[in-house]
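Okay, so here's the structure we're looking at.
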Amino acid sequence: MRIACSAAALALVVCLAKAGKPLDVAVKNFRGAPQLHLDGRPQVPLSFMGWFDGGATRVKVGAEWQRVIVQFTSPEDADGAAGFQIRMNRGGAGSVWIDDLRYYEGTPEKPRGPNMQPQGDFEDTGDKLPDRWALFFRQDLGEEGHWAYDETIAASGKRSLRVDVIKNAPGGFMHVYLSGCTVKKGHDYTVELSLRAEPERLIDVVALHQGPPWTIYSISGTSVYCQQVVLAAAAGVHHYQFGSSVPWPKEGEEVSYAGLDKAFQGTVKLDPEAVVALRFGVAPPKWWLEEHPGECTTFEDGSTEGFSVSSELWLKELLPKLEAYVRYIEEHWGDRCIIYFPCAQHTGEWFYPGSWTQHFPGFSPAATRGFRGWLERKYRTASELSQAWGREVTSFEQVETPTFDQRLKGSAGEFFHPARERYQVDFFEYLNDAMAEAMQQIAATIKRASGGRKAVMFFYGYLHELAAAPVGLAQSGHLRWSRFLEDPNVDIFCSPISYFDRQSGGSGHFMVPADTVAAHGKLWFNEDDTRTHVTPKEAGYGRCATLRETLGVHRRNFAQIFPRRMGCWYMDLGNAGWMQDKALWENIGEMRKFWEDHLEDPVRFSPEVAVVADEVSPLYTLPRSPVNRALLYDLRASITRLGAPVGWWLLEDLFAGKVKPAKLYIFPNAFALTGEQRARIREVLRRQKSTALWFYAPGYLDPAAGRVDASYVRELTGLSLEMLQEPVEDLVQPNAKAWLCQGLVESFGSKQKALRLQWGVKSEPGVEPLATYVARPELIAAASTRQDGWRSVYVASLYAPARLLRNIAREAGVWIYTDTDDVVLGDGRFLGLAASSEGKKTVRLPRPSVVRDCLSGRTVRRGSEIEMNMRTGDTRLLWVEERE
């Protein structure tokens with residue numbers, strides 16, 4: 001096998017000619033949902049994301065010799081320092097044979113220089129490796145390998161170099177490397193070699209500067225990125241995303257867009273139909289941070305990480321650079337660039353650095369100045385501030401940000417008191433405002449510089465995902481989404497698929513209340529960074545072990561977005577070839593074709609179950625309380641397995657009338673509500689004759705009244721609660737006599753043993769007990785009651801199993817498709833079923849129908865019931881048409 005690419009056809013010659021007519025990009029309603037339009041045409045929003053600058057070529061090598069040819073244009077002058085690596089750190093034990101390596105200037109068709117590695121045939125090297133060759137592996141990690149000459153196997157001549165991989169290790173880096181070659185900037189070079197392996201394995205070959213600064217040479221047409229672009233284009237996917245950053249040179253240095261031009265040019269060469277969502281960083285460089293330490297994110301121990309979004313200096317210097325960057329792109333690549341995607345802070349996703357550690361942000365001079373200015377705008381005078389905080393503040397300049405300990409202590413159980421701890425809550429509001437306001441200024445700059453022709457996209461709104469962050473949601477920066485959604489300069493929001501329950505057999509949750517996005521006329525994109533079967537075994541995060549598992553996960557994730565007409569990009573994180581398998585792209589191509597065939601269909605997604613989450617209540621929840629994680633993060637696993645499609649919304653949208661009517665409303669964290677809000681929720685439930693499911697402390701805090709009171713809970717839910725004087729384990733036993741507990745035998749709960757606030761339901765007429773505390777059976781821990789035309793169900797625990805949720809949903813009139821705790825996705829016509837377990841699945845349809853497989857078109861069943869044998873992780877995509 002020969003892996004090569006014509007340098008003449010794919011040479012990455014930077015073209016600085018003016019772009020063609022810039023594309024007009026818009027997100028606008030089409031057939032009932034916001035959808036991406038290019039020059040007025042709706043798009044199938046599936047795309048590939050990789051990193052153009054990566055220089056690795058990945059090849060699958062087996063027992064037959066393969067001739068591998070890679071070509072690159074040198075980005076530097078390197079006298080004797082250019083080299084090559086043959087990386088064998090993927091896969092387990094085995095052997096790799098290398099032979100006939102040649103390294104020369106020019107192309108195979110037109111070589112222009114001598115072979116710089118004449119001993120690469122290993123015929124005259126004695127019992128030593130050639131000069132400047134070596135085998136590297138990490139002994140400190142337990143890696144083990146050795147080399148030898150093999151005189152029984154050779155691609156040509158009498159012998160080859162054999163490397164025996166005894167053991168690879170997570171984080172290891174076993175490879176053969178060579179150096180000693182000389183390259184000149186702008187000149188073309190070729191490396192040829194023959195490879196074989198037993199057993200079959202993936203091998204990366206990389207041309208680079210062998211030694212500091214370890215510059216990777218971008219390989220023309222055969223890099224991991226390039227190979228995946230070719231696969232995507234063959235599958236009909238022509239939307240791409242790659243990384244860049246806003247240039248930030250020192251004074252006197254020239255701005256260079258060479259790397260950006262090369263990425264656009266190379267992508268378009270590989271796929272002439274390519275359009276690009278440009279993902280770019282807006283953080284200042286290291287030298288800037290060193291010159292301005294007071295503008296960095298600072299933690300309680302004085303350590304720093306990156307810039308602070310509170311920094312006015314960062315934003316002042318960034319915005320003109322950003323405007324010039326966008327104008328350059330519009331001038332040169334305006335006919336290719338469709339989305340601007342600025343990234344910063346933790347992993348570029350606009351939540352505070354340190355969020356996944358135990359460190360709290362907001363201790364920098366920039367944050368202190370920002371907090372003081374925010375308070376002055378809110379309260380106007382020190383007197384009003386003093387009244388709000390219940391203590392004397394003589395001036396705004398006197399205010400400091402709360403200490404680490406102050407952010408941990410509240411006087412209302414698991415909550416900050418809305419009056420006594422207003423100081424902390426104000427600071428948390430400021431942290432979230434600071435993040436959103438900086439992002440909004442960036443969005444406005446991009447819109448202005450692009451003439452309003454291009455879409456702007458941000459990571460944001462991780463209300464469910466960041467509930468698990470050790471620093472707490474309040475310090476995340478992601479709690480201003482309801483306001484951000486109204487910004488006309490932002491068109492698209494996005495996030496990775498949740499890292500919780502994403503494995504084969506999992507649910508593939510959104511990180512956010514995703515259905516709230518379309519209600520504001522915006523588009524949502526999932527970042528599908530599934531660890532596919534071609535990733536290393538140690539990749540983690542729900543890695544798929546086989547092709548079958550990967551296909552099942554990709555189909556499940558597709559079933560989440562298609563009924564909603566949301567977008568998705570398939571990501572190769574770290575330029576490691578995660579999507580480098582033709583079978584993956586054939587599957588995506590089939591799904592894309594299905595979407596294209598149904599592009600004109602009206603959007604029908606209107607689930608009968610609505611999860612309504614609140615972004616205000618987390619401001620009042622103690623940072624290290626288990627409440628948010630349990631109810632916003634973990635509970636999703638039960639909700640998605642109740643047997644019916646589910647919608648995910650912000651509470652603010654319920655007040656605004658944007659949430660589609662539902663038969664069952666689940667309120668996981670409606671803790672902080674004003675009297676007016678409590679009344680409005682009850683009115684929605686009464687008018688729609690729905691069922692409400694409440695958890696833990698619904699309505700307990702009233703920010704407007706500055707009070708906490710159990711009477712607010714009764715006003716909202718119709719149930720009277722009493723506070724437990726001593727904590728008990730959060731473990732409850734279902735009431736076998738209650739219809740809503742049918743089929744529930746085992747106890748359930750979060751098993752938390754030290755909650756600072758717990759409740760029991762008072763036994764009153766009209767109250768049906770559903771569960772009691774295991775530790776105190778006389779205390780009701782879950783109950784149901786009828787209200788004015790609607791049902792109220794309350795669970796004091798921080799957990800509820802899927803079976804209980806299914807019973808409540810069925811009682812509310814929700815159509816239950818399956819009882820087997822599998823994941824049901826769809827809109828009534830499109831139906832996705834993702835198997836959480838192995839076995840026979842019975843799917844009940846609301847009416848007799850003809851059911852076809854979405855990808856093959858084959859008829860699966862005629863009738864109102866489908867039976868399918870499925871393995872864990874399998875996903876079936878079905879098209880359901882009512883029989884006439």
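The values are calculated or read from the model by the stated rules, or taken from the named source; none is laboratory data. All figures in this text were calculated on a predicted structure; none of them were measured in a lab. All Cβ positions, glycine included, derive from the backbone under ideal geometry; neighbour counts span all protein chains shown. Ligands, DNA and RNA are excluded from the accessible area calculation, which covers all protein heavy atoms including side chains. Shrake-Rupley method; radii C 1.70, N 1.55, O 1.52, S 1.80 Å.
The table below gives the values:
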{"quantity": "Members of the range 352-407 found to be among the polar types (S, T, N, Q) and in contact with a Pro (Cβ under 8 Å, 6 or more places away or on another chain), listed by number", "calculated": "Ser355, Thr357, Gln358"}
{"quantity": "Candidates Gly80, Gly91, Gly40, filtered to the one that is farther than 30 Å from Leu202 by Cα and open to solvent by 10 Å² or more (accessible area, probe 1.4 Å)", "calculated": "Gly40"}
{"quantity": "Strands (runs of 3 or more DSSP E) fully within the range 2-79 counting 1 or more residues that are among the small types (Gly, Ala, Ser) and modelled with pLDDT of 90 or more", "calculated": "25-30, 33-38, 46-49"}
{"quantity": "Residue count, the range 408-419 (criterion: of a type outside the set (A, V, I, L, M) and touching a Pro at 6+ places or on another chain (Cβ under 9 Å))", "calculated": "2"}
{"quantity": "Gly266 being open to solvent by 30 Å² or more (accessible area, probe 1.4 Å) and not in a loop (DSSP other than H, G, I, E, B)", "calculated": "no"}
{"quantity": "Residue count for the range 110-140, restricted to those that are open to solvent by less than 70 Å² (accessible area, probe 1.4 Å), over 25 Å from Asp79 (Cβ atoms) and part of a helix (DSSP H, G or I)", "calculated": "0"}
{"quantity": "Matching residues in the range 735-783 - criterion: being hydrophobic (A, V, I, L, M, F, W, C) and open to solvent by 50 Å² or more (accessible area, probe 1.4 Å)", "calculated": "Ala736, Trp739, Val745, Ala754, Val774, Ala775"}
{"quantity": "Qualifying positions in the range 519-539 - open to solvent by less than 30 Å² (accessible area, probe 1.4 Å), part of a loop (DSSP other than H, G, I, E, B) and at pLDDT below 95", "calculated": "Val534, Thr535"}
{"quantity": "Residue match in the range 853-873 (condition: charged (D, E, K, R), within 15 Å of Asn557 (Cα to Cα) and touching a residue at least 40 places away in the same chain (Cβ under 8 Å))", "calculated": "no"}
{"quantity": "Selection from the range 704-734 of residues that are closer than 23 Å to Ser411 by Cα, hydroxyl-bearing (Ser, Thr, Tyr) and surrounded by 14 or more Cβ atoms within 10 Å (Cβ to Cβ)", "calculated": "Tyr712, Ser720"}
{"quantity": "Positions within the range 272-305 being of a type in the set (Phe, Trp, Tyr) and either open to solvent by 30 Å² or more (accessible area, probe 1.4 Å) or not in a loop (DSSP other than H, G, I, E, B) (or both), in sequence order", "calculated": "Phe280, Trp287, Trp288"}
{"quantity": "Test: Trp248 is farther than 22 Å from Phe48 by Cα and part of a helix (DSSP H, G or I)", "calculated": "no"}
{"quantity": "Tyr794 among the aromatic types (Phe, Trp, Tyr), open to solvent by 20 Å² or more (accessible area, probe 1.4 Å) and touching a helix residue (DSSP H, G or I) at 6+ places or on another chain (Cβ under 9 Å)", "calculated": "no"}
{"quantity": "Candidate set: the range 158-183, residues that are assigned to a loop (DSSP other than H, G, I, E, B), modelled with pLDDT under 95 and not aromatic (Phe, Trp, Tyr); chosen: the one surrounded by the most Cβ atoms within 10 Å (Cβ to Cβ)", "calculated": "Asn168"}
{"quantity": "Every residue from the range 590-626 that is of a type in the set (Gly, Ala, Ser) and touching a strand residue (DSSP E or B) at 6+ places or on another chain (Cβ under 7 Å)", "calculated": "Ala610, Ala613, Ser617"}
{"quantity": "Restricting the range 366-425 to residues that are crowded, with 18+ Cβ neighbours inside 10 Å and of a type in the set (Asp, Glu), the residue that is nearest to Leu757 (Cα to Cα)", "calculated": "Glu414"}
{"quantity": "Residues that are of a type in the set (D, E, K, R) and either out of contact with any Ser or Thr (no Cβ under 7 Å at 6 or more places or on another chain) or not in a helix (DSSP H, G or I) (or both), drawn from the range 317-332", "calculated": "Glu317, Lys321, Arg327, Glu331"}
{"quantity": "Residue satisfying all of: in the range 405-439; basic (Lys, Arg) and over 32 Å from the mean Cα position of the chain (by Cα); nearest to Gln345 (Cα to Cα) among these", "calculated": "Arg422"}
{"quantity": "Residue tally, condition among the aliphatic types (A, V, I, L, M), surrounded by fewer than 23 Cβ atoms within 10 Å (Cβ to Cβ) and under 25 Å from Phe830 (Cβ atoms), over the range 597-643", "calculated": "4"}
{"quantity": "Residue match in the range 57-69 (condition: over 19 Å from Gln117 (Cβ atoms), surrounded by fewer than 18 Cβ atoms within 10 Å (Cβ to Cβ), under 37 Å from the mean Cα position of the chain (by Cα) and not β-branched (Val, Ile, Thr))", "calculated": "yes"}
{"quantity": "Val684 vs. criteria hydrophobic (A, V, I, L, M, F, W, C), in a helix (DSSP H, G or I) and in contact with a Leu (Cβ under 6 Å, 6 or more places away or on another chain)", "calculated": "no"}
{"quantity": "Which numbered condition Arg483 misses (of (1) among the charged types (D, E, K, R); (2) open to solvent by less than 10 Å² (accessible area, probe 1.4 Å); (3) modelled with pLDDT under 95)", "calculated": "(2)"}
{"quantity": "Sole residue being closer than 30 Å to Ser836 by Cα, in a loop (DSSP other than H, G, I, E, B), within 20 Å of the chain's Cα centre (by Cα) and small (Gly, Ala, Ser), chosen from Gly461, Gly477", "calculated": "Gly461"}
{"quantity": "Number of positions in the range 191-213 that are assigned to a strand (DSSP E or B), at pLDDT below 95 and either open to solvent by 10 Å² or more (accessible area, probe 1.4 Å) or in contact with a Lys or Arg (Cβ under 8 Å, 6 or more places away or on another chain) (or both)", "calculated": "7"}
{"quantity": "Residues (of a type in the set (D, E, K, R) and assigned to a loop (DSSP other than H, G, I, E, B)) located in the range 714-762", "calculated": "Glu726, Glu729, Asp730, Lys737, Glu746, Lys751, Lys753, Arg756, Lys762"}
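This table checks each residue for (1) among the charged types (D, E, K, R); (2) at pLDDT below 95; (3) over 35 Å from the mean Cα position of the chain (by Cα).
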site: Ser95; (1), (2), (3): no, no, yes
site: Asp100; (1), (2), (3): yes, no, yes
site: Glu109; (1), (2), (3): yes, yes, yes
site: Gly120; (1), (2), (3): no, no, yes
site: Ala134; (1), (2), (3): no, no, yes
site: Tyr149; (1), (2), (3): no, no, yes
site: Lys185; (1), (2), (3): yes, yes, yes
